[in-house]
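The next block holds one structure in the form of structure tokens; read it before the comments.
What follows is calculated from the coordinates using simple rules that are stated; it is not laboratory data. Everything quoted here is computed from the prediction, not taken from an experiment. Quick reminder, even Gly has a Cβ in these numbers, built from the backbone with ideal geometry, and neighbours come from all protein chains shown.
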Amino acid sequence: MSAGSGSRNTNTEPWGSFDDNLIQGGGSAVIDMENMDDTSGSSFEDMGEMHQRMKEEEEVAAEAAATEDDNTDDGEFLGMKGIKGQLGRQVADEVWQAGKRQASRAFNLYANIDILRPYFDVEPVQVRSRLIESMIPVRMINFPQKIAGELYGPLMLVFTLVAILLHGMKTSGTVIREGTLMGTAIGTCFGYWLGVSSFIYFLAYLVNAQITMLQTLSLLGYGLFGHCVVLLVTYNIHFHFLFYVLWLLLGGLSTLRMVAALLSRTVGHTPRLLLCGTLSLLHMLFLLYLHFAYHKIVEGLLDSLEGPNMAPMQRVARDVPELTLNATLRIQGVQLLLDSFST
Amino acid sequence: MAAADEASRPFAGLSDVSISEDIPVEGDISVPMGSSRRDDEFSTLDEPVKETILRDLRAVGNKFIHVLYPKRSSALLRDWDLWGPLLLCVTLALLLQGGSADSDDQGGPQFAEVFVIIWFGSIIITLNSKLLGGTISFFQSLCVLGYCIMPLTVAMAVCRIVLVGGSGPVSFGVRLVVVTASFGWSTFASTAFLADSQPANRKALVVYPVFLFYFVIGWMVLTFSPAQ
């Protein structure tokens, strides 16, 4: 019959032609729409399905055959160890492959650092010019200013700030609580950078400013350059008046730069006031906090060294104006002063 | 024989599907069992423990020598291992312990703190160099950064010895010189290994975090003051 011969002839195709139970009835030229899957776009997908099904059937058959053989040929040749060892190895291999596949899939999904790669695509010259520009406010606020969207500079500045804080804590001569100081420094700097950036982005989202999260991270990160310079100078030269001048000058310049960039991207008086006021407040207060929080450690050390009966003299010692170049000299000077008072 | 049958049975179905019956298929398909691999495993499994340990120690010592005389060689990169960095990290953390004056429980956080700083610092530097387009692999970079802590560990030992003699300005000066020299040596050694894996114009971008990392460790070493 034509149907029978048709079905036999279709097997000569190299890709394994249609089976009877799949789409076509044997030898018929009409495609029966009832059997056609609606979602299949082309017949190749069906071929893929068929191959997959066949492979699965083979694997199941192979496992069944292997277990069958295991049961029957258990004690026959090579001893029990031979067959079981081989089966065990195969099973272990399968488990290892499956685990490796899953782990690599999860790794590629979550630990794909390539999503950050475009933000690190910078040249040293660009980084240097952006560092200098972060201290120069741009007066054009009618047109959105360009904000670089990179993360290398801000990240390095945050780490530099951490190193400067550590340097400041160490030159104040104390090792009272090393562990928590280190953790505090890292937590403070990263917390400020990430937290305030997110907060500013949230406010910008509320007032409909044209700025992205990456740009706020970048803007605030580069704004820390002024902080780094001020702290580097004032942790070595303990002169309060100098600190206030630098705070206003350098801190003010970097704040103005950030404020101008934000102003150019916000519309309306109240939103501008809200956004820029918040940013300048947080930025300037952070510098103030960094200076005074770690300055007090010196005074705390004096407290603990001299004890309660020295309290009035301690006040005298603190008021003595001194321009010191490093803390060891300062502490020795204070010691001499206290000795002269006690004798 | 039976093994070959079992091995070829998974493939028996395939020959029906993909190849037409008119074309005869000859030969036998057998899965290679990897017996050569088994021989290698047994060869190192049977050796005495002393030999294994000595082999690893010799590899570690060889890398220490490469750090002492840093020249552009790929020996440190080719067969990386993390034994050396672990050893150095533990030694440095132990030497930095017992430092602060006040209470006994300061020893615990300091050890963990040094560990965390060294390993997380190394991981961050490695990620940074990979993001900047470096060709070095993750563990190779960890290996190099860990081995280059060796000059700072030596400086720490020297500082401790100097501090036994007293902690005046002279000892501070000596310690400052020693720590600065070893910090420079560490940075130079690690850049000698890491810089080759970066594109030429971005070397400064990779060197800077390494500089910061060894600077922080150097500060911990320099400002160490023993318990009173």
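A few remarks follow.
- Estimated from the Cβ-Cβ distance and a Förster radius of 22 angstrom, the FRET efficiency linking A:Asn108 and B:Ile124 is about 0.55.
- Annotation: the residues B:Tyr214, A:Tyr205, sorted from fewest to most other C-beta atoms within 10 Å of their own C-beta, follow the order A:Tyr205, B:Tyr214.
- Label-point separation, B:Leu45 to A:Val91 (7 Å along Cα→Cβ), nm: 1.9 nm
- Equivalent ellipsoid of the stretch A:120-303: semi-axes from √(5λ) of the C-alpha gyration tensor, largest first, are 30, 17, 15 Å.
- Neighbourhood net charge (14 Å Cβ-Cβ; Lys/Arg +1, Asp/Glu -1) for A:Asn108: +2
- Each of A:Asn208 and A:Leu116 was given a label point 7 Å from its Cα along the Cα-to-Cβ line. The distance between the two points is 3.5 nm.
- Taken about its Cα centre, the stretch A:120-303 carries a charge dipole of roughly 380 debye when the Cβ of each Lys and Arg holds +1 and the Cβ of each Asp and Glu holds -1.
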